[in-house]
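Q: Encoded as structure tokens, here's the structure I'll be asking about.
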Amino acid sequence: MFDWLPQNVWFSVGLKVFFALMMIGAVMTMAGYSVLAERKVSAWMQGRVGPNRTALPFIDYIPIIGPFLRKLGIFQPLADGLKFLFKEEIVPGHVNKFYYYLAPLVALVPALTTMTVLPFGQMYWPDGTTSILALADLEVGILFVFAVSSLGVYGIALAGWSSNNKYSFLGGIRSSAQMISYELAMGLSLLPVFLWVAVPGAQESGLSISGIANSQEGAAWLFLVQPVSALVFLIALFAETNRLPFDMPESETDLVGGFHTEYGSFKFGIFFVAEYAHIVIGSAIFTLLFLGGWHFLPFMNDPWPANWIGTLLGVGWFLAKTVFLIFFFIWIRWTLPRFRYDQVMHLGWTKLLPLALANLIVYVIIVTLIDQSNSTPF
Amino acid sequence: MAKTVVLERKPLSLSERTYLPQIVTGLKTTFSNMFKPKVTLQYPEEKPVIPNNYRGVPTLVKDPNGREKCVSCQLCEFVCPPKAIRITPGSVPDDQEDREHVEKAPQEFEINMLRCIYCGYCQEVCPEEAIFLQDQYSSSGYSREEMVNNKQKLYELGGTLPDHHYKWDKKKEAEELGNAH
Ligand code: SF4
Ligand code: SF4
């Protein structure tokens, strides 16, 4: 990828580390600001104004811009983060210390690991070639994402168990049960996508996320071709990220705070960030799989030039879609009430799973027919 | 008599059973809510409009001639359910011409705002219309002592309210006409 750079192991390692840090920075910032977005959007939907007091010295004195930023609550995540950092650290006496400390990390690490394989754009080189912008553009990217992101549930289950608190314990159990039920539907809903994208007769099929994203260039976005898959995947994504209407592990009203009832200060902050990092990454993946990734609009070629401007615009467009999806997550949260636990299980096992299976079978037939008639799908 | 109409409940249609159209309707509602005017009051900068008859902090008032109306009858002290009022009765100084005919006046009048429950009984019971729960709703202090409003503070908070009776003027008149009561 970087042929024009000095070929030196240390240099390329250093470059990777630099990119990794940038990626962490970007995802963490987005996670922090989705917390703000959540507070602001929920406030607007409820006729309130939301956080609008935090101000940085200096910036607040800039006319117009300063007060405007303050009204938007732009600095609120800073204040929140500092608050979590400096709060008194209380460890209840009845917890299992080792696992209690371990749990937030186990929750955060998978959320941050999945972003290594997350492509976020396409680089147009001056010599006309393109390459995918990602820390590691794995051939089996989507499998990696599934494998790693499901590990996040261990953090929740561990937290619930080590807290030695019935509410937390219930939260942990619910979370694992929910994860198992929806993981199946999620995986099944994606199989038709891979079938569709794989070029007929090709030896390798498109398991790489960037491959799927690029297959939607100038063609139909996959949510148009596979609406049922997209729907099932989206619902399962809500369940996987523990968002309302599926926030069983937390369910403030019946479980106090669910798995994080016994957590305070920075440990709670880590859970919080992990949750939002999951949302950010989940939105990004949905964008890549079903909403055309960094490509402009369905059935249209990218209008931007194939140079560095195009690269930036592509990344920006991808980010815009992701941000919209994050907004959608928030929007749903403040619209729908929570399902009852048994309803969640019912929906997962008796509705989504059969639906995903039927969808798979239908698309197997369709794809076979298309292959037989020797024409290529879109 | 209103006739009871029993509506027949139709079985849900397929689209209703998926809940998806309902979810879309809900999403529309919440989205349109985002652009409605906000009801939040930016409190310390914007103050709420206090309606008449609001029961705020109890205060002592003076009549439009600047005379204190309380005669320290101590009825409010007796009626106050949480015993928030403490009155030390005293007499009216002799040198105050315009307050002749007033029998008594409080020497000290304390309302403990940590005890007061804003019930308004003191205002209701006061025969002299001297104590009113007015529009102050925020009282704060750094110590318990600060939260006890003394007489001076009570008059500061209360100010002057219009008076319909001018009882002392009437009494003075009556006495001048040879009728003490
Ligand atoms: S405020 Fe009214 S009720 Fe209380 S002592 Fe004074 S005159 Fe009596
Ligand atoms: S408002 Fe009620 S509680 Fe407060 S001082 Fe008057 S009588 Fe007592």
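Q: Identify all residues within the range B:5-42 that are open to solvent by less than 100 Å² (accessible area, probe 1.4 Å), over 14 Å from A:Phe328 (Cα atoms) and not in a helix (DSSP H, G or I); write none if there are none.
A: B:Leu12, B:Ser13, B:Lys38, B:Thr40, B:Leu41, B:Gln42
Q: Can you confirm whether the range B:139-150 contains a residue that is under 30 Å from A:Pro51 (Cα atoms), more than 12 Å from ligand 2 (Cβ to nearest atom) and of a type in the set (Gly, Ala, Ser)? Show your work before the answer.
A: From the range B:139-150, those under 30 Å from A:Pro51 (Cα atoms) are B:139-142; that's our starting set.
Next cut, more than 12 Å from ligand 2 (Cβ to nearest atom) only: B:140-142.
In the following step, the residues that additionally are of a type in the set (Gly, Ala, Ser) were identified as B:140-141.
Checked against the condition, which is being under 30 Å from A:Pro51 (Cα atoms), more than 12 Å from ligand 2 (Cβ to nearest atom) and of a type in the set (Gly, Ala, Ser), the range B:139-150 yields at least one hit.
Q: Moving to a separate point now. Any chance you could count how many residues in the range B:124-140 are under 10 Å from the mean Cα position of the chain (by Cα) and open to solvent by 70 Å² or more (accessible area, probe 1.4 Å)?
A: 2
Q: When only residues in the range A:248-266 that are acidic (Asp, Glu) and under 24 Å from the mean Cα position of the chain (by Cα) count, which is farthest from A:Tyr101 (Cα to Cα)?
A: Of the residues in the range A:248-266, the ones acidic (Asp, Glu) are A:250, A:252, A:254, A:262.
Filter once more, so that each one left must be under 24 Å from the mean Cα position of the chain (by Cα): A:250, A:252.
Working: A:Glu250: 19, A:Glu252: 22 Å.
Looking at residues that are acidic (Asp, Glu) and under 24 Å from the mean Cα position of the chain (by Cα), I get A:Glu252.
Q: Only residues that are more than 12 Å from ligand 2 (Cβ to nearest atom) and closer than 23 Å to B:Lys171 by Cα: list them for the range B:104-129, please.
A: Across the range B:104-129, the qualifying residues are B:Lys104, B:Ala105, B:Pro106, B:Gln107, B:Pro127, B:Glu128, B:Glu129.
Q: Listed residues B:Gln22, B:Gln42; which is under 24 Å from the mean Cα position of the chain (by Cα) and within 14 Å of chain A (Cβ to nearest Cβ)?
A: On the way: B:Gln22 fails: under 24 Å from the mean Cα position of the chain (by Cα).
Result: B:Gln42 is the single residue among B:Gln22, B:Gln42 that is under 24 Å from the mean Cα position of the chain (by Cα) and within 14 Å of chain A (Cβ to nearest Cβ).
Q: How many residues are away from chain B (no Cβ under 12 Å), free of Cβ contacts under 8 Å to residues at least 60 places away in the same chain and part of a helix (DSSP H, G or I) when one looks only at the range A:324-357?
A: Adding up the residues that qualify gives 6.
Q: Filtering the range B:71-87 down to residues that are open to solvent by less than 10 Å² (accessible area, probe 1.4 Å) and assigned to a loop (DSSP other than H, G, I, E, B), which residue is farthest from ligand 2 (Cβ to nearest atom)?
A: Ranking the qualifying residues of the range B:71-87, first place goes to B:Ser72.
Q: Sticking with this structure for a sec: Test B:Pro127 against the stated conditions and say whether it is under 20 Å from B:Pro58 (Cβ atoms) and either assigned to a loop (DSSP other than H, G, I, E, B) or within 16 Å of ligand 1 (Cβ to nearest atom) (or both).
A: So B:Pro127 fits the description; yes.
Residues checked against (1) assigned to a helix (DSSP H, G or I); (2) surrounded by fewer than 24 Cβ atoms within 10 Å (Cβ to Cβ); (3) touching a Cys at 6+ places or on another chain (Cβ under 7 Å):
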{"residue": "A:Asn214", "(1), (2), (3)": "yes, yes, no"}
{"residue": "A:Ala220", "(1), (2), (3)": "no, yes, no"}
{"residue": "A:Leu224", "(1), (2), (3)": "yes, yes, no"}
{"residue": "A:Ala239", "(1), (2), (3)": "yes, no, no"}
{"residue": "A:Leu244", "(1), (2), (3)": "no, yes, no"}
{"residue": "A:Lys267", "(1), (2), (3)": "yes, yes, no"}
{"residue": "A:Ile270", "(1), (2), (3)": "yes, yes, no"}
{"residue": "A:Glu275", "(1), (2), (3)": "yes, no, no"}
{"residue": "A:Ala284", "(1), (2), (3)": "yes, no, no"}
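Q: Among the small types (Gly, Ala, Ser), more than 11 Å from chain A (Cβ to nearest Cβ) and loosely packed, with under 11 Cβ neighbours inside 10 Å: which single residue out of B:Gly56, B:Gly90, B:Gly66 fits that description?
A: The conditions single out B:Gly66.
Q: Can you name every residue in the range A:40-71 that is within 14 Å of chain B (Cβ to nearest Cβ) and outside any loop (DSSP other than H, G, I, E, B)?
A: A:Lys40, A:Val41, A:Ser42, A:Ala43, A:Trp44, A:Met45, A:Pro67, A:Arg70, A:Lys71
The values are calculated or read from the model by the stated rules, or taken from the named source; none is laboratory data. The structure presented is a predicted model; accordingly, all values stated were derived computationally and were not measured. All Cβ positions, glycine included, derive from the backbone under ideal geometry; neighbour counts span all protein chains shown. Calculation scope for accessible area: heavy atoms of the full protein, side chains included, ligands and nucleic acids excluded. Shrake-Rupley method; radii C 1.70, N 1.55, O 1.52, S 1.80 Å.
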